[in-house]
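The values are calculated or read from the model by the stated rules, or taken from the named source; none is laboratory data. Here the structure is a predicted model, which is why all the values come from computation and not from measurement. Here the Cβ positions follow ideal geometry from the backbone for every residue, glycine too, while neighbour counts run over all protein chains shown.
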Amino acid sequence: MLNCCAKNRAQLNGPYTVANAKLLFDKVLNDKTIHARAVLDNYNREYMGHVYIAHLDSQPELEFMFDKSYWGKGIASETLKAFVPKAMHELQLESLTAHIKPQNIAAIKVLTKLGFYDVSQLSQCNALVTMRFTSDEVAGKSSAA
């Protein structure tokens, strides 16, 4: 189970018990301040991970996690490249933040490729790298001016 694996959650706040993972899953399904999607393998419909935007009522924050068997295969990049612009458009968000442990180089690279930029010096989260993404289309501004 994705959230119960210590390796999968090494860059987060540690693994959950199965009972706690189920409670978290139920919360995500019913929380109107979270926009979440499961990521499934198109070939065999296997659950690969999930992406979500939390805190829709305040400071929208992107979070994502994939099972370790999918790391290094471009799955996160491909998923987020589709998810972020679509979710921002549908939810009419002007910006997203993501908080990442500095040692999670892979996640930082994925977000940088997508256009997120480091705003850590502006953040209160000193132990984390804080990255931000803004959407010109959603904000009603044209970058083609």
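Looking at the range 55-75 only, could you name the residues that are more than 18 Å from residue 110 (Cβ to Cβ) and assigned to a strand (DSSP E or B)? Passing the criteria: none in range. For residue 96, the conditions (1) at pLDDT 90 or above; (2) hydrophobic (A, V, I, L, M, F, W, C); (3) in a helix (DSSP H, G or I); (4) crowded, with 17+ Cβ neighbours inside 10 Å are fulfilled apart from (3).
So that you can scan it fast, the table gives a plain yes or no per residue for (1) at pLDDT below 90; (2) surrounded by 14 or more Cβ atoms within 10 Å (Cβ to Cβ); (3) touching a Lys or Arg at 6+ places or on another chain (Cβ under 9 Å):
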| residue | (1), (2), (3) |
| --- | --- |
| 61 | no, yes, no |
| 69 | yes, no, no |
| 76 | no, yes, no |
| 86 | no, no, no |
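In this structure, does residue 26 turn out to be among the acidic types (Asp, Glu), farther than 14 Å from residue 87 by Cα, more than 17 Å from the chain's Cα centre (by Cα) and at pLDDT below 85? Yes.
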